[in-house]
Amino acid sequence: MVSSASPESPGGFSSKLVVSIQDVTHRYGKVVALDGISLDIPSGIMVGIVGPDGVGKSTLMALVAGSKKMQQGRVTVLDGDIADARHRRAVGPRIAYMPQGLGKNLYLELSVYDNVDFMARLFGLSAAERKVRVRELLEATGLGKFAERPAGKLSGGMKQKVGLCGALVHDPDLLILDEPTTGVDPLSRRQFWSLIDDIRAGRPGMSVIISTAYMDEAQQWDWIVAMDAGRVLATGTPAELMERSGTKDLEQCFIALLPEEKRRGHKEVTIPPRAPGKAELAIEAHGLTRRFGTFTAVDHVTLSIERGEIFGFLGSNGCGKSTTMKMLTGLLPPTEGTAKLFGSSVDAGSMEVRKNLGYMTQAFSLYGELSVQQNLVLHARLYHLPPDKAKARIEELVERFGLGAHLEALAEALPMGLRQRLSLAVAVLHGPQILILDEPTSGVDPVARDSFWELLIDLSRKQGVTIFVTTHFMNEGMRCDRISLMNAGRVLAADAPQKLIEARNADSLETAFIGYMEDAIAEKARAEGKDTAAR
C-alpha cells in the first residue's frame, strides 16, 4: 500500500518543494521501516515529522540527508536525486543534519570551540571566516563562556546547542533535526526552539525538517507529517489536522488519525482520587547521594512516598533519576544517605526486598529470543513462585494485560506497546507492593501510553501498589498524585502537580518546572559569586 501526501501550496506556503519522496521503501532485514511512502515537503517552512519510536522517522530523515543508501524509490532534495553522488556532493554544503542522540555528532574530548571550528573546517571556511562565524554562533547560543569546556562535560541541553552550532556553521538552506530535544530538560527545550526561531528570523528562506515524539512541540510548527508503521497517516498544518479530526490538541489528533484497529477501545485516562488519610510510608530516602569520582550524580535527595501513591520523578536525561532508582532498589550503593522500603534498609540481596519490589528498566528486562509465554514462565521461576501459583498468576496477567493472542510471539518481535505491557507483567508477576518504573513509556504511541497508565492506576487504586515512575512527559507528570522535579542531581520541588503549578502562578507544569529551574540557576550563580568574592 502506498501512503501519499502531496500538498498544493498547503496553508498558503510556497509551492516550491525542498523535498519530494516517491514510492520509498526501506527495510532492515525483515523489518519494513518505510512502506512505499510518497510525500512532498514545501520549502521555507518548519516541518514536523511526528510519531512514536519505530515508525520510520529517523530512516526518513537519514535518507533525505543523504546519509543512508536508497533501497527502493526516489528522494529529490534541493532539485536533484539525493542518491546521485554528484548531486549529493553539490548540495552537501547546503544541508545540515543533526542525528538523534545527545551529543552524537560531537567529539566529546574536544572543547566546545574546537568542535564547532572542526565542522567549519570540514565545510571549507577560511580561518578568518571560521573565527567570526564560530564566535557568532557561540554567543548567539549562550555558549561563549563555555568555549573552552570539553563537550563531554556539558549537560544534554548544552550538547544539543553545540551540535546545532556545528550544523549551522556553514549557513545551510536545509536543516534536518532528528529528535533534537528528546531527553532534554524543559528550560533547555524552550531555549533550543527560541534559538531556532531567531535563526529562521535571520534566514526566512531556510527549510527546517524536525522529527519529534513531543506533540506539544510540533503543535507550534508550520506543517505536520504524522507517521505510523512506516506510512504517512496525514499531512497539514496543526490547525487543519485538528479541525479535520475534531480534536483540541495534536496528541488527540494523532490518536484519531491512527487505524481503527489501533485505537479500538481507547478512552481518555481518568484517575480516581486516593482514599483520604495518611497511609504507611512505602519508600523513604534521606540525604541520598551518589558520586562517581568527582562527579555528583545524585545530591542529597530526601523524599517519602506512601503506600498506594503514584509518585512521579520528572527531569531530563542525566539529571539523576535512574541513579536514584538504582539506589532505592539496592542495585547501586549510595555514597551517603539512607534508603528504606517499608521501614527496612534497602539490600539487593534481601529476599524481603526482592519480594516487595518490582523494577521495570528503560530497556525492558525481557529475553528477546524467548516467546511471551517463555518470558513469563522463566521470570516466575526466577521469583521462586510455586508451579501451581505461577500458572494461575500467569493466566491472570495474560488476561489482564491483553497478551493472550501473542503468547507464542518472540519478545523481540513485539510492537513497542506490547513489549511494554509484557515487561510490566514480568515486573508484577510476584505481586510486589512497590513498583519502580524507569521511563516506561518512552517511544510508545499515545494509545499504548494511555493503556499502560490504565494498568498503573488499577494497580495503585485497587491493589494499593506504590508506584514510583520517572518520565520526561509533562502530561504523565499531571497523572501522578505527587511529583518531584529534579535537575542536576537535586530535587527542586515536590508536591501535587497542580499545587506546584499554582505555587508558581504558572499556566502549565512545564512552565512551573522552568520557573523552578531558573530559580535554582540564579541561586547557584549567587552562591558562586559569593564564593568568588570570599577568595
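The values are calculated or read from the model by the stated rules, or taken from the named source; none is laboratory data. Keep in mind that this is a model prediction, so the values were computed, not measured. Here Cβ is always computed from backbone atoms with ideal geometry, including for glycine, and neighbour counts include all displayed protein chains.
Filter the range 49-65 for residues that are out of contact with any helix residue (DSSP H, G or I) (no Cβ under 7 Å at 6 or more places or on another chain) and on the phi > 0 side of the Ramachandran plot and give the result.
Taking the range 49-65 as the starting set, the residues that turn out to be out of contact with any helix residue (DSSP H, G or I) (no Cβ under 7 Å at 6 or more places or on another chain) are 55-65.
Once the filter is applied, which keeps residues that are out of contact with any helix residue (DSSP H, G or I) (no Cβ under 7 Å at 6 or more places or on another chain) and on the phi > 0 side of the Ramachandran plot, the range 49-65 yields only G56.
Please find, within the range 73-118, the residue that is farthest from the chain's Cα centre (by Cα) out of those that are within 30 Å of G54 (Cα to Cα) and among the hydroxyl-bearing types (S, T, Y). Steps first, answer last, please.
As a first pass, look at the range 73-118 and keep what is within 30 Å of G54 (Cα to Cα): 73-85, 87-89, 91-108.
Subsequent filtering for residues that are among the hydroxyl-bearing types (S, T, Y) retains 76, 97, 107.
On the way: T76: 30, Y97: 19, Y107: 23 Å.
Per the criteria, the residue is T76.
So in the range 255-269, with the set limited to residues that are surrounded by 10 or more Cβ atoms within 10 Å (Cβ to Cβ) and of a type outside the set (A, V, I, L, M, F, W, C), which one is nearest to V225 (Cα to Cα)?
Initially, the range 255-269 is screened for residues surrounded by 10 or more Cβ atoms within 10 Å (Cβ to Cβ), giving 255-259, 262-263, 266, 269.
In the following step, the residues that additionally are of a type outside the set (A, V, I, L, M, F, W, C) were identified as 259, 262-263, 266.
Values: P259: 16, K262: 19, R263: 19, H266: 23 Å.
The residue in question is P259.
Taking the condition of being farther than 24 Å from E476 by Cα and touching a Pro at 6+ places or on another chain (Cβ under 7 Å), how many residues in the range 184-236 meet it?
So the count comes out to 3.
Does the range 438-455 contain any residue that is at pLDDT 90 or above and under 21 Å from G318 (Cβ atoms)?
No, the conditions are met nowhere in the range 438-455.
For the range 152-176, how many residues are buried (at least 23 other Cβ atoms within 10 Å of the Cβ) and touching a Gly at 6+ places or on another chain (Cβ under 9 Å)?
Summing the residues that are buried (at least 23 other Cβ atoms within 10 Å of the Cβ) and touching a Gly at 6+ places or on another chain (Cβ under 9 Å) in the range 152-176 gives 5.
Name every residue in the range 415-452 that is among the aliphatic types (A, V, I, L, M) and in a helix (DSSP H, G or I), in order of residue number.
To start, the set of residues in the range 415-452 that are among the aliphatic types (A, V, I, L, M) comprises 416, 418, 422, 424-429, 434-437, 444, 447-448.
Within the range 415-452, M416, L418, L422, L424, A425, V426, A427, V428, V447, A448 qualify.
Looking at the range 266-275, can you tell me whether even one residue there is of a type in the set (D, E), out of contact with any helix residue (DSSP H, G or I) (no Cβ under 8 Å at 6 or more places or on another chain) and over 20 Å from T361 (Cα atoms)? First the steps, then the outcome.
Step one: of the range 266-275, the residues of a type in the set (D, E) are 268.
From what is left, the residues that are out of contact with any helix residue (DSSP H, G or I) (no Cβ under 8 Å at 6 or more places or on another chain) are none.
Scanning the range 266-275 turns up no residue that is of a type in the set (D, E), out of contact with any helix residue (DSSP H, G or I) (no Cβ under 8 Å at 6 or more places or on another chain) and over 20 Å from T361 (Cα atoms).
Matching residues to (1) in contact with a His (Cβ under 9 Å, 6 or more places away or on another chain); (2) closer than 24 Å to L60 by Cβ; (3) in contact (Cβ under 8 Å) with a residue 12 or more places away in the chain:
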residue	(1), (2), (3)
H87	no, yes, no
Q100	no, yes, yes
E109	no, no, yes
L122	yes, no, no
L125	yes, no, yes
L138	no, no, yes
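Hey, among the residues in the range 270-300 that are assigned to a loop (DSSP other than H, G, I, E, B) and among the charged types (D, E, K, R), which one's modelled with the lowest pLDDT?
The initial filter retains those residues of the range 270-300 that are assigned to a loop (DSSP other than H, G, I, E, B), namely 270-280, 293-294.
Next, from what is left, pick out any that are among the charged types (D, E, K, R): 274, 278, 280.
On the way: R274: 88, K278: 77, E280: 90.
Looking at residues that are assigned to a loop (DSSP other than H, G, I, E, B) and among the charged types (D, E, K, R), I get K278.
Of the residues in the range 456-473, how many are of a type outside the set (F, W, Y) and assigned to a loop (DSSP other than H, G, I, E, B)?
So the first thing to find is which residues in the range 456-473 are of a type outside the set (F, W, Y), and the list is 456-467, 469-472.
When the remaining residues are screened for being assigned to a loop (DSSP other than H, G, I, E, B), the result is 464-465, 472.
Residues in the range 456-473 being of a type outside the set (F, W, Y) and assigned to a loop (DSSP other than H, G, I, E, B): 3 in total.
Please work out which residue is modelled with the lowest pLDDT, limiting yourself to the range 192-249 and to residues that are of a type in the set (V, I, T) and assigned to a helix (DSSP H, G or I). Show your work before the answer.
Here is the first cut: in the range 192-249, the ones of a type in the set (V, I, T) are 196, 199, 208-210, 212, 224-225, 232, 235, 237, 247.
Pick out the ones that are also assigned to a helix (DSSP H, G or I) and you get 196, 199.
Working: I196: 87, I199: 84.
Looking at the filtered set, the residue picked out is I199.
Suppose we filter the range 252-269 for residues that are outside any loop (DSSP other than H, G, I, E, B) and β-branched (V, I, T); how many remain? First the steps, then the outcome.
Start the filter on the range 252-269 by keeping residues that are outside any loop (DSSP other than H, G, I, E, B), which leaves 252-257, 260-263.
Still in the running and β-branched (V, I, T): 255.
The total comes to 1.
May I ask you to verify whether P180 is touching a residue at least 40 places away in the same chain (Cβ under 8 Å) and in a helix (DSSP H, G or I)?
Details: touching a residue at least 40 places away in the same chain (Cβ under 8 Å): yes; in a helix (DSSP H, G or I): no.
Taking the combined requirement at face value, the residue does not satisfy it.
Would you check if there is a residue in the range 106-121 being surrounded by fewer than 19 Cβ atoms within 10 Å (Cβ to Cβ), more than 30 Å from K153 (Cα to Cα) and assigned by TED's automatic domain parsing to the domain that holds P172?
No, the range 106-121 contains no residue that is surrounded by fewer than 19 Cβ atoms within 10 Å (Cβ to Cβ), more than 30 Å from K153 (Cα to Cα) and assigned by TED's automatic domain parsing to the domain that holds P172.
Can you confirm whether the range 127-142 contains a residue that is surrounded by fewer than 17 Cβ atoms within 10 Å (Cβ to Cβ), farther than 19 Å from Q191 by Cβ and of a type in the set (G, A, S)?
yes
Just need a number here: residues in the range 398-414 that are surrounded by fewer than 19 Cβ atoms within 10 Å (Cβ to Cβ) and either in a helix (DSSP H, G or I) or without any contact (Cβ under 8 Å) to a residue 12 or more places away in the chain (or both).
Of the residues in that region, 6 qualify.
Within the range 144-162, does at least one residue satisfy the condition of being in a helix (DSSP H, G or I), hydrophobic (A, V, I, L, M, F, W, C) and under 20 Å from the mean Cα position of the chain (by Cα)?
yes
Is it the case that the range 495-505 has a residue that's more than 30 Å from G54 (Cα to Cα) and part of a strand (DSSP E or B)?
As a first pass, look at the range 495-505 and keep what is more than 30 Å from G54 (Cα to Cα): 495-505.
The next check asks that each one be part of a strand (DSSP E or B); those that pass are 495.
There is at least one residue in the range 495-505 that is more than 30 Å from G54 (Cα to Cα) and part of a strand (DSSP E or B).
Please go through (1) acidic (D, E); (2) out of contact with any strand residue (DSSP E or B) (no Cβ under 9 Å at 6 or more places or on another chain); (3) surrounded by 13 or more Cβ atoms within 10 Å (Cβ to Cβ) for E240 and return the number of the only condition it doesn't satisfy.
(2)
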